[in-house]
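Visitor: Shown below is the structure under consideration.
Each value in this text was obtained by applying a stated rule to the coordinates, not by laboratory testing. Worth saying up front: this structure is predicted, and the values here are computed from it rather than measured. Positions of Cβ are generated from backbone atoms using ideal geometry, with glycine treated the same way; all protein chains shown enter the neighbour counts.
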Amino acid sequence: MIDSREQSALRTFLDVAKANMRNYSMFLVLALIMIGFAVLTNGVNLHPRNFTYIFIQNSYILILAVGMVLVIIVGNIDLSVGSLTAFTGAMAAIFFNRMGLGFAATVALTLFVGLLVGVYQGYFIAFVKIPAFIVTLAGMMLFRGLTYIVTRVTPITPRTDIFKNTASGTLDVLYIMRMAPNNRGVMVEQAFHLLPLILGALIVVLMVVFGMRDRRNKIKNDFHVLPVGYFIAKQVFMAAILMYLSYKFALYRGLPNVFIILGITVVIFTFITNNTVFGRYIYAVGGNARSAKLSGINSERVIFFVHVIMGMLCGLSGIVFTGYMNSALPDAGKDFELEAIAACFIGGASTTGGVGTIIGAMMGGLVMGVINNGMSLMSIGANWQYVVKASVLLLAVWYDIYTRKKSGLG
Amino acid sequence: MNDQYILEVKNLTKDFPGVRALDDVNFSVRRGEIHCLCGENGAGKSTLMNVISGVHPYGSYEGQVFFHGKEAHYKSVKDSEKDNLAIIHQELALSPYLSIYENIFLGHIKPKFGVINWSELIVASKQYLDKVGLHEDPDTVVSKMGVGKQQLVEIARALSKKVELLILDEPTSSLNDAESEKLLQLILELKKEGITCIMISHKLNEVLEIADSITVLRDGKTIKSFDTNAAKVSEAELIQHMVGRDMTHRFPEKKHQISDEVILEVEDWTVFHPEYPDLAVVKGASFRLRKGEILAFCGPMGAGRTELMMSLFGRSYGSRCSGTVKIDGKEHIFHTPKNAISAGLGYVSEDRKGLGLILIQDVKTNISNSSLDKLSVYGVVNKHEEIMAAEKYRKSLGIKTPSIDQMVKNLSGGNQQKVVLSRCLLAGPSIFIVDEPTRGIDVGAKYEIYCILNDLVASGKSVIMISSEMPEAIGMADRIYVMNEGRIKGEISREEASQEKIMTMALQKTQEK
Ligand SMILES: Nc1ncnc2c1ncn2[C@@H]1O[C@H](COP(=O)(O)OP(=O)(O)OP(=O)(O)O)[C@@H](O)[C@H]1O
Ligand SMILES: [Mg+2]
């Protein structure tokens, strides 16, 4: 009697673990890839400095992936984001240099340009009902052309370093100096940044407190909750990741500015997708457009706003990329759309819409970023990086389909 | 092995994550008989058939399946088809953009030198269509037809293959009485030709009419097998085994307080086909709905009932429509379902898979989707309230699911129907339009739904019910409108209502106005 009870408890635990495996498999895959490269590069890729650079180098793609995953959930695709990043990046440089606007005004105006482009594309997709593929394919060509026109096919370097510092700099406050070995093993005086650690710890505490409160509430109301072991494992896992990340940032130059920008973007849009009516509508429209419509959801408006958001995030990405290159390049943003789309699919989004998460897309983007970075450290050229990334994309989606079938979701 | 049996299932157990769908099931079907399978929603009927036909592959279950005395190791439906076993699923599986005849022959076309002779197939398809009694041009694209007609295409498709054992999962759930009768005759015909048939149905009168044997499943276990040729079985006896208790009434007592206040008035409503803008699907329909009243719309398949209601509901159907809609005496023009919902209308579609549910979302989200405005503050969803609402309907309608986080696609058909109903109930419309609300629902749950409809009208709401089951319409409605060929043929009060009356009215020649 007791035996079978225990058995069934174990069974449900395994069932839960299996059903939730997809949500965490991306973290594991990312960890495995990092460990793999750590072995191949003698740990150079895990060095705090490199760690920081991975985020700086990928931030603009990750920002695009945030918007792209919304577009994909709603069942569309956006091919124009690469060109649009170039265009908004160029416009930012023009506002700043030729028009002599201040940085804040430049940022605001650039985001507004992105938003306007989103309005234009969203209008044709949502209300005129031209397939997103076509509208954004046209956009891809249009904005590349416009970028060439406004830049006169020559790079524009911002007149001050503020772009560069924003994109490549870190929040260099609140640190202590101490002696530590550098990468050659020589003891030198180095900064140890407290801010990332404090922020990381704060987030962990908040996460645990809110997680427990929510759980207690649910239990009180007799709602369904995951087994307690599973809950603890999940919290520990998330806390470990956050603290590891904070620690790495603490050892180098503190929190990268773009990490903060990206972090805020991710938090906002995760909140929107998980907790707001608008977010629910995005999933509903992507899951079954006709049913959504009959449920009284204004699906045109939802699709429209998703493309507006995408446009604005392109504006943000454009500013960051111009800063990262310290120059608005006419040919900026080549293949960004493909990287962003791949990030979403590696991160578990479904090609048929209705499925996907912001966090998943971030993980997908980081998987590619870590591979790029690791292969560069091993001095393997871009040619092979493409080959590897292609394989990763295929494998990831294949694995996704496989686990979905296994957990009875396919 | 006893070769009297074409199919034997021994000690079958099938688990899904968190659910034991089948628990040590034993089940045998004699050669040449019609074997019916009964049980509540989620009892495991469809799962059992899916195991038999290889939808759930060999190895994913415990126990044995013997076909013709040989243990079957089907890895997919293709394997079972090779053994001349055909299954028609509860949820139709036609290719929506292909024509009738293409669907009939899809997957087993025999090309000559790699070329398909389509015109030959059109001719060949005619014989199967005649057999199932579907009088449509074989060229018609299936998505343009109602669910009922698509069902007939499915059967024609099964017949066009060589079949020894035919499994029909709730074949009559979307047919009206006359059409169901035709289908049952068809099954009896097939029996004469030596085809063994397993049929799942919630319509017990049909079951008793044609079955040679009946097996009752409950909670994944075989409860009892009856041999109807040996001893007569009564409906009450069946129900008692299905639900585990006695059920004396099929319809709840009604004591409707109908006020004289007309809440909805539709005048001269005409709707045109979405693809052929000159073809009128509904012609000059006028009707009134009073507060606290249950109206039923009866009529044969294709009468225009669904089209009428969907076009009223924010023009969700049709290319254009004309006429006036008054709610509480005020004229309204709805451009979208959203407008209609804000004016107090609610619509539950008959096509739960295509128009009702979001299959890849969980039960909770499907229930709350229409009511998020109510469940949120400044656009932020109150998840706690959302769970409470979903739990409330899970309990009150008895939705059988391991939790409200279960994906809707993993629910049994009847439980999916309950989810669609819950969504509309939660939205709280004052005019509740339900299209085949009890399609695929077991007797016990039907009674619950009838009670809910009665409660709604008791609280001053009004209900319009489209029903193809005449006893249901007669048992529930205060007034019945009979439709056929796009016109409202007439109106029958609750006192005068009878099946014959409805039938004759439907077939009446229209008096030209
Ligand atoms: N793929 C699946 N994953 C998880 N659970 C499932 C899956 N398929 C079926 N179930 C569960 O198995 C049980 C039996 O389902 P089944 O579809 O066989 O019921 P049924 O007797 O056909 O009911 P109905 O009359 O409503 O069609 C249900 O509780 C259902 O939720
Ligand atoms: Mg079923």
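Visitor: Let me confirm one metric for peptide B:18-26, namely the mean number of other chain beta-carbon atoms within 10 Å of its residues' beta-carbons. Walk me through the numbers before you get to the answer.
Guide: Numbers: counts 6, 2, 1, 0, 0, 0, 0, 0, 0.
For peptide B:18-26, the averaged partner shielding equals 1.
Visitor: With r as the distance between the Cβ atoms of A:L116 and B:S286 and R0 = 35 Å, compute the FRET efficiency 1/(1 + (r/R0)^6) and round to 0.05.
Guide: 0.10
Visitor: Same structure, new question: Which ordering of B:K224, B:K232 is given by a fewest-first count of other beta-carbon atoms within 10 Å?
Guide: Fewest-to-most Cβ neighbours within 10 Å comes out as B:K232, B:K224.
Visitor: How many angstrom lie between the Cα centre of the stretch B:36-77 and the Cα centre of the stretch B:284-329?
Guide: Cα centroid to Cα centroid, the span is 43 Å.
Visitor: Treating the Cα atoms of the stretch B:354-428 as identical point scatterers in vacuum, please give the log10 of the normalised Debye intensity I(q)/I(0) at q = 0.21 Å⁻¹, two decimals.
Guide: Log10 I(q)/I(0), no solvent term: -0.83.
Visitor: May I ask you to list the trypsin sites (Lys or Arg not before Pro) in the stretch B:70-117 that are in a DSSP loop and have at most 14 other Cβ atoms within 10 Å of their Cβ?
Guide: Passing sites in the stretch B:70-117 are B:K75.
Visitor: When the Karplus curve 6.51 cos²θ - 1.76 cosθ + 1.60 is applied with θ = phi - 60°, which whole-Hz ³J(HN,Hα) does each residue of the stretch B:473-490 get, with x for Gly and Pro?
Guide: 4, 5, x, 10, 7, 8, 9, 10, 9, 9, 10, 7, 6, x, 10, 7, 7, x
Visitor: By how many degrees, between 0 and 90 and to the nearest 10, does the Cα long axis of helix B:118-132 differ from the longest principal axis of chain B?
Guide: Once rounded, the angle reads 80 degrees.
Visitor: Follow-up question, since we're still on this one. So what are the three principal axis dimensions of the stretch B:5-243 from its Cα atoms, in whole Å, longest to shortest?
Guide: Projected onto the principal axes, the Cα atoms of the stretch B:5-243 cover 50, 39, 33 Å.
Visitor: Set the Förster distance to 51 Å, then compute FRET efficiency between B:Y276 and B:S60 from the Cβ-Cβ distance, nearest 0.05.
Guide: 0.65
Visitor: Exposed loop sites here are GluC sites (Glu not before Pro) in DSSP loop states with at most 13 other C-beta atoms within 10 Å. What is the longest stretch of chain B lacking them?
Guide: B:276-494
Visitor: Kindly put A:V258, B:V233 in sequence by how many other C-beta atoms sit within 10 Å of each C-beta, fewest to most.
Guide: B:V233, A:V258
Visitor: Which angle between 0 and 90 degrees, to the nearest 10, do you get for helix B:177-192 versus the longest principal axis of chain B when only C-alpha atoms count?
Guide: 10
Visitor: Report for the protein assembly as shown the percent antiparallel among DSSP-assigned beta bridges with both residues inside it, nearest 5.
Guide: 65
Visitor: Name the shape class, rounded, prolate or oblate, that the alpha-carbon gyration tensor gives for the stretch A:347-388, where a ≥ b ≥ c are the square roots of its eigenvalues, rounded holds for a/c under 1.5, and otherwise prolate holds if a/b is larger than b/c and oblate otherwise. Mind showing how you got there, number by number?
Guide: Numbers: a/c = 6.39, a/b = 2.40, b/c = 2.67.
Judged from the Cα gyration tensor, the stretch A:347-388 comes out oblate (a/c at least 1.5, b/c at or above a/b).
Visitor: Restricting the count to DSSP beta bridges whose residues both fall in the stretch B:5-243, what percent are antiparallel, rounded to a multiple of 5?
Guide: Percent antiparallel among DSSP bridges in the stretch B:5-243 is about 55.
Visitor: Would you mind finding the longest exposed-site-free stretch of chain A, with exposed trypsin sites (Lys or Arg not before Pro) meaning DSSP loop and at most 15 other Cβ atoms within 10 Å?
Guide: It runs A:185-333.
Visitor: Would the protein assembly as shown count as rounded, prolate or oblate if I go by the C-alpha gyration tensor, calling it rounded below 1.5 in a/c and otherwise prolate when a/b exceeds b/c, oblate otherwise? Please list the in-between numbers first.
Guide: Numbers: a/c = 2.02, a/b = 1.65, b/c = 1.22.
Cα axes put the protein assembly as shown in the prolate bin.
Visitor: Next up: Label-point separation (nm) for B:E209 and A:V44, each offset 7 Å from Cα along Cα-to-Cβ?
Guide: 8.0
Visitor: At A:L174 and A:N326, where each label point lies 7 Å from the Cα along Cα→Cβ, what is the point-to-point distance in nanometres?
Guide: 2.9
Visitor: Kindly express, to the nearest 10 degrees and within the range 0 to 90, the angle between helix B:147-160's C-alpha long axis and the longest C-alpha principal axis of chain B.
Guide: Orientation of helix B:147-160: about 20 degrees from the principal axis.
Visitor: For labels at A:A138 and A:N217 in the simple 7 Å Cα→Cβ model, what's the distance in nm?
Guide: The modelled label-to-label distance comes out at 4.6 nm.
Visitor: On to the next question. Set the bar at 24 Å for Cα to Cα. Now go through B:K374/B:K400; B:K82/B:K191; B:K45/B:K418; A:K129/B:K330; B:K224/B:K409 and name every pair that lies beyond it.
Guide: From the list (B:K374/B:K400; B:K82/B:K191; B:K45/B:K418; A:K129/B:K330; B:K224/B:K409), the Cα-Cα distance tops 24 Å for B:K374/B:K400; A:K129/B:K330; B:K224/B:K409.
Visitor: Just how far, in whole angstrom, is the stretch A:367-399 from the stretch B:127-202 if you go by their alpha carbon centroids?
Guide: First find each Cα centre; the distance between them is then 53 Å.
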